[in-house]
Every structure is written in structure tokens, then in C-alpha cells.
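To start, the structure itself, in C-alpha cells.
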Amino acid sequence: MVNEEKVKEAIKMLLEGIGEDTGREGLIDTPDRIARMYTELMAGYDDDASIHLSRTFTTNNNEMVLEKDIQFYSMCEHHMMPFFGKAHIAYIPNGKVVGLSKLARCVETYARRLQIQEKMTAQIADAIMEYLKPQGVMIVVEAEHLCMTARGVKKPGSKTTTVVTRGVFKDDDRLQTMFFRLLNNGDGNTSADSECAE
């Protein structure tokens, strides 16, 4: 997806545009470094959540599974500045569970793209519903956006929280309350049948 040569050209023009000398020692290799960085940061465009969520394990336990504090880094599509934080994912299995690392990989798939937090939260939930086919899923994402804390209104430490519910979580206050109770006080995964396999 990432055309590193075009990125290098663009960064050189950007440096010239802000009045920098692209030939000075500290900037000579900057376009190349940034091109390689964007190949890493935008790797989600070449990833597919179905690959991570399709390997499942049979379970007789259909109680809530919660994976919390999944750290992520993404880039705001409005200013191309980082936003970062944690995603918390709960789902009710429907006879199948997925390896816990795959939930983190699903988050990475959508985080490593130009994004807005609201869309990313929904994409994660929809992918889990489509490929894992649980009874329901609930996602909470908390993030700090540098486009708000380092520029503009400049309010360091402020965080944005987005919540998406699907399936049985959508209208079940009891499940939502349990999710938030576990999120605030629990130790994470609640299901003994969940797998941490790669």
C-alpha cells in the first residue's frame, strides 16, 4: 500500500515548505526514515481481520470474555497526528472462542491506518461479529489525541472514550454493567476456556 518513493518526495517538499534546508546533516535521511516509518504505521491497510479471527476453539462456556488494556497507536486522518490509548473488548461466545492475541491483532489491523476513533471502534466490533460470530460484543476505546493536546485547543491529558455495542450487549443493561464493573475492578479475561494461542 505505501509507496515509499512518493512519501520521500512529499516529505522533502514538506521540509522545503516549512523553510528547512533538506541538505543539512540532520535532515538528509529524514525523508527515507519517514517513508519507512509510514510503511510500519500504515501496515493495517495490508492486513485483514478475518485472518486473525478465523482460527477459533470450541467451548461449552458461553460466559463473557473480556480482554482489556490492549494498547494501540493510530494516526488521525484529519491532521495526520498520533492518537493512542487502550481498547477493551468483551464478547459472549456462541460455542467458539478466539485466541486472545488475535483480539489484539484485530485492534492493530484497524489502528494502523489513517483513522478516527469512532470509526475504528465500530470496525473492531463489526469484524468480531462477522468473523467470530459471537452472541454479542462490546468495545470501549480510550485515547489521547495529539491533534487536540499538542495543537489547537491544547488540553494535555484529555481523553476521548468511544463505546460500541453489538448483539446481546446492545440492549442488555445487565451485561453492560458487568462489562464496566470488570473493566474497573476485574482482572481481564473471565473465561477459563479462552485460548492465548498464537
Exercise for the section: Go through segment 58-78 and give me each residue that's open to solvent by less than 50 Å² (accessible area, probe 1.4 Å) and of a type in the set (Phe, Trp, Tyr). Expected result: Phe72
Handout entry: Candidate set from segment 23-41 (those that are farther than 16 Å from Glu4 by Cβ and among the hydrophobic types (A, V, I, L, M, F, W, C)); member that is surrounded by the fewest Cβ atoms within 10 Å (Cβ to Cβ)
Key = Ile28
Problem - Residues located in segment 113-147, provided they are open to solvent by 60 Å² or more (accessible area, probe 1.4 Å) and either closer than 20 Å to Gln176 by Cβ or in contact with a strand residue (DSSP E or B) (Cβ under 8 Å, 6 or more places away or on another chain) (or both) - result: Glu118, Asp126, Lys133, Gln135, Glu142
Completion exercise
Of (1) of a type in the set (Gly, Ala, Ser); (2) more than 18 Å from the chain's Cα centre (by Cα); (3) under 24 Å from Met120 (Cα atoms); (4) outside any helix (DSSP H, G or I), Ser74 fails just (2)
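Within segment 2-22, restricting attention to residues that are without any contact (Cβ under 8 Å) to a residue 24 or more places away in the chain and not in a helix (DSSP H, G or I), which residue is least open to solvent (accessible area, probe 1.4 Å)?
The initial filter retains those residues of segment 2-22 that are without any contact (Cβ under 8 Å) to a residue 24 or more places away in the chain, namely 3, 6, 9-10, 12-22.
The next check asks that each one be not in a helix (DSSP H, G or I); those that pass are 3, 18-22.
On the way: Asn3: 75, Ile18: 118, Gly19: 68, Glu20: 65, Asp21: 89, Thr22: 36 Å².
Selected residue: Thr22.
The values are calculated or read from the model by the stated rules, or taken from the named source; none is laboratory data. Please read all numbers here as calculations on a predicted model, not as lab measurements. Cβ: placed from backbone, ideal geometry, glycine included. Neighbour counts: every protein chain shown. Side chains are part of the model used for accessible areas, which takes the heavy atoms of the whole protein and leaves out ligands, DNA and RNA. Shrake-Rupley method; radii C 1.70, N 1.55, O 1.52, S 1.80 Å.
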